[in-house]
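The values are calculated or read from the model by the stated rules, or taken from the named source; none is laboratory data. What you see is a predicted model; the values in this text were computed from it and never measured. Counting neighbours? That spans all protein chains shown, and the Cβs are built from the backbone with ideal geometry, glycine included.
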Amino acid sequence: MKSGTSVSGESRQNTKMQIAGRERREHRRHDLETQGIGMERWDGQHRAGQLLGKIVDISAGGVRVRAKKTDLRPDQHIRVRLSLPSYAGISPFITPGEAGLEPNGEWIGWMTVRRVASVSEQEMEISGCLVDMNDINRGMLGLYLSTQPLAA
């Protein structure tokens, strides 16, 4: 393309559709199954969190958890607590503190259940989107996960 010329809006849109067609996920999934990290169903106002299950894989936008059979169903919103250890000097989340932003290993928010699949008679996999995570924490989680192995 010559200098000074521009691509038409239609051409830009076609290019975006071609790129979007190759990868349907907005965020890359990372395999944390071998680390045995749990995720809690959280109701901090009334009681301590209850273990929902172990994280199978996670991305900056969602998580897949292996859990005991439960009554969860797609399109249900649940409050969750995600607690991840620091890795390679990187904390997965940040919080406002007295001296500005401070590293944090915990995030409490809402997950929308997208898929529930039976694995065995006693276990199921629950997949969902982390819907109310702010952009800064989503970016920090993405940076943290970039040090982890990718999921298939």
Extreme residue, surrounded by the most Cβ atoms within 10 Å (Cβ to Cβ), among residues of the stretch 53-70 that are more than 19 Å from Leu141 (Cβ to Cβ) and among the basic types (Lys, Arg)
Arg66
Restricted to the stretch 67-77, and to residues that are in a strand (DSSP E or B) and of a type outside the set (Gly, Ala, Ser), which residue is nearest to Glu121 (Cα to Cα)?
Lys68
I'm told Leu145 meets every condition in (1) modelled with pLDDT under 90; (2) more than 30 Å from Thr70 (Cα to Cα); (3) hydrophobic (A, V, I, L, M, F, W, C) except one. Can you identify the failing condition by its number?
(2)
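Residue by residue, here is whether (1) surrounded by fewer than 15 Cβ atoms within 10 Å (Cβ to Cβ); (2) over 19 Å from Gly38 (Cα atoms); (3) within 12 Å of the chain's Cα centre (by Cα) holds:
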residue: Gln76; (1), (2), (3): yes, yes, no
residue: Gly97; (1), (2), (3): yes, yes, no
residue: Glu106; (1), (2), (3): yes, no, no
residue: Ser118; (1), (2), (3): yes, no, no
residue: Cys129; (1), (2), (3): no, no, yes
residue: Leu141; (1), (2), (3): no, no, yes
residue: Ser146; (1), (2), (3): yes, yes, no
Residue under evaluation Arg47, criteria (1) loosely packed, with under 12 Cβ neighbours inside 10 Å; (2) modelled with pLDDT of 90 or more; (3) of a type in the set (D, E, K, R), criterion not met
(2)
Answer yes or no: is there a residue in the stretch 24-40 that is at pLDDT 85 or above, assigned to a strand (DSSP E or B), within 17 Å of the chain's Cα centre (by Cα) and not hydrophobic (A, V, I, L, M, F, W, C).
yes
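Yes/no matrix, rows are residues, columns are (1) within 20 Å of Ser120 (Cβ to Cβ); (2) out of contact with any strand residue (DSSP E or B) (no Cβ under 9 Å at 6 or more places or on another chain):
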position	(1), (2)
Ala60	no, no
Val65	yes, no
Arg79	no, no
Ala88	no, yes
Thr95	no, no
Tell me whether the stretch 101-112 contains one or more residues that are among the polar types (S, T, N, Q) and part of a strand (DSSP E or B).
yes
